[in-house]
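One structure is given here, and the rest of the page talks about it.
The values are calculated or read from the model by the stated rules, or taken from the named source; none is laboratory data. Every value quoted in this text rests on a predicted model; they were computed, and no experiment measured them. Counting neighbours? That spans all protein chains shown, and the Cβs are built from the backbone with ideal geometry, glycine included. Note: areas computed on protein heavy atoms with side chains; ligands, DNA, RNA excluded. Shrake-Rupley method; radii C 1.70, N 1.55, O 1.52, S 1.80 Å.
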Amino acid sequence: MTARAQLMAAAAKRILITDGAFGTEIQNYRLDEAAYRGTLELTRDQKGNNDILALSRPQVIDAITRDYLEAGSDIVSTNTFSANLISQADYGAEHLVRDINLASAGIARKAADEFEGRDGRKRFVAGAIGPTNKTLSLSPDVNDPGFREITFDYLKDVYREQTDALLDGGVDFILIETIFDTLNAKAGIMAAIEAGIARGIDVPLMISMTLTDLSGRNLSGHTVEAFWHAVRHAKPVTIGLNCSFGAQQLRPHVKSLSAIADTLIMVYPNAGLPNDLGQYDELPEETAALVREWADAGQVNILGGCCGSTPAHIAAMTRTVRGLPGRALPVPPVVTRLAGLEPMILAA
């Protein structure tokens with residue numbers, strides 16, 4: 001049975017749990033620059049380059065991954081949010097992109113398989129791909145609206161390098177997450193489709209949008225509904241929302257997406273909103289109670305956490321939704337669905 005079929009079968013029985021944040025957990029280790037660098041011969045300061053820890057401090061990434069599995073995660077993601085050529089260029093580590101992704105995928109795969117071996121419950125690995133710090137839809141120069149720092153084809157190739165490495169490392173899904181620019185996501189989708197064609201396999205996609213304001217749009221201006229219309233063709237195994245806000249602020253947008261998407265809904269919000277010091281104060285029980293509302297309303301299939309969430313948050317979610325059925329997939333009518341910044345439906 002394929003990973004897609006296994007995930008769909010598991011989600012038909014209960015609400016599944018993904019993991020939480022890596023960045024805030026890594027901060028707890030208080031690593032200095034030398035710890036980030038390890039024995040790697042790099043010329044730039046590596047402090048803050050969380051992805052490179054898969055090579056220099058793999059035991060840290062392994063411990064965090066296992067903490068989430070202990071907390072009840074059915075899905076763990078690779079610590080590869082910025083493990084791409086564009087983002088690693090800031091650290092002078094472009095040549096290590098493939099090695100980072102292979103190592104991080106291997107860490108997650110080994111831990112997931114060991115936990116599955118303990119109780120027979122399938123654990124999945126999602127290869128995480130972040131948006132990079134470039135945008136295809138908007139110009140960084142206010143005086144030149146037509147200017148772009150990169151091209152679609154270049155970004156697609158950047159994503160393809162990362163996707164190939166993650167697949168070689170043994171991930172089950174490619175998770176295109178924290179999408180602030182729909183066109184960036186399209187480049188990631190195309191990279192995954194091309195990788196699947198080259199391998200002769202289905203590469204299941206998890207796609208997760210991030211909102212930049214409470215009206216429910218991402219940075220490129222798309223509403224949740226328009227975003228779904230723009231990516232539905234890729235047949236993602238999950239669609240959802242992450243980052244940006246806490247569960248309370250995401251409530252109406254989860255409801256909207258749940259009503260129209262004929263695939264699994266995965267939502268992993270921040271642990272509330274950050275305080276004046278940039279810290280997250282929402283307690284695990286508070287976050288769990290908020291996401292439980294989505295579960296009770298039949299709006300989600302997979303839950304987890306983003307910024308500020310910890311293994312304690314994931315454990316609280318696991319306890320709170322244990323035994324609850326997942327959302328039933330709707331069967332939308334067959335009509336033409338288009339997307340500008342707003343959704344457009346052509347009635348039959």
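Worth a mention:
- Qualifying positions in region 283-306 - surrounded by fewer than 22 Cβ atoms within 10 Å (Cβ to Cβ), in contact (Cβ under 8 Å) with a residue 12 or more places away in the chain and either at positive phi or assigned to a loop (DSSP other than H, G, I, E, B) (or both): ALA297, GLY298, GLN299
- Summed over region 162-177, residues that are under 13 Å from the mean Cα position of the chain (by Cα) and more than 8 Å from GLY127 (Cα to Cα) total 2.
- Matching helices (runs of 4 or more DSSP H) fully within region 1-71 where at least 3 residues are out of contact with any helix residue (DSSP H, G or I) (no Cβ under 8 Å at 6 or more places or on another chain) and open to solvent by 20 Å² or more (accessible area, probe 1.4 Å): 3-11
- Flag if ASP119 is acidic (Asp, Glu) and more than 18 Å from LEU7 (Cα to Cα): no
- The requirement of being at pLDDT 95 or above, touching a Pro at 6+ places or on another chain (Cβ under 8 Å) and in a strand (DSSP E or B) is fulfilled somewhere in region 179-198, by at least one residue.
- Matching option when the condition is farther than 25 Å from SER244 by Cα, touching a helix residue (DSSP H, G or I) at 6+ places or on another chain (Cβ under 6 Å) and among the charged types (D, E, K, R), among LYS122, LYS110: LYS122
- Top-ranked residue in region 178-225 [being open to solvent by 60 Å² or more (accessible area, probe 1.4 Å) and of a type in the set (A, V, I, L, M, F, W, C); ranked as farthest from PHE124 (Cα to Cα)]: LEU214
- Checking each residue of region 75-92 against the condition of being of a type in the set (A, V, I, L, M), closer than 20 Å to ASP157 by Cα, open to solvent by 20 Å² or more (accessible area, probe 1.4 Å) and out of contact with any helix residue (DSSP H, G or I) (no Cβ under 7 Å at 6 or more places or on another chain) gives at least one match.
- Residue count for region 113-157, restricted to those that are open to solvent by 70 Å² or more (accessible area, probe 1.4 Å) and of a type in the set (A, V, I, L, M, F, W, C): 2.
- Selection count where residues are open to solvent by 10 Å² or more (accessible area, probe 1.4 Å) and either part of a helix (DSSP H, G or I) or hydroxyl-bearing (Ser, Thr, Tyr) (or both), scope region 163-177: 3
- Only a single criterion out of (1) touching a Pro at 6+ places or on another chain (Cβ under 7 Å); (2) under 28 Å from LYS235 (Cα atoms); (3) not small (Gly, Ala, Ser) is not satisfied by MET1, namely (1).
- Subset of region 264-273 (residues that are open to solvent by less than 10 Å² (accessible area, probe 1.4 Å) and either assigned to a strand (DSSP E or B) or touching a Pro at 6+ places or on another chain (Cβ under 6 Å) (or both)): LEU264, ILE265, MET266, VAL267, PRO269, ASN270
For (1) assigned to a loop (DSSP other than H, G, I, E, B); (2) on the phi < 0 side of the Ramachandran plot; (3) in contact with a helix residue (DSSP H, G or I) (Cβ under 7 Å, 6 or more places away or on another chain), each residue gets a yes or a no:
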residue: HIS95; (1), (2), (3): no, yes, no
residue: ASP99; (1), (2), (3): no, yes, yes
residue: GLU116; (1), (2), (3): no, yes, no
residue: PRO131; (1), (2), (3): yes, yes, yes
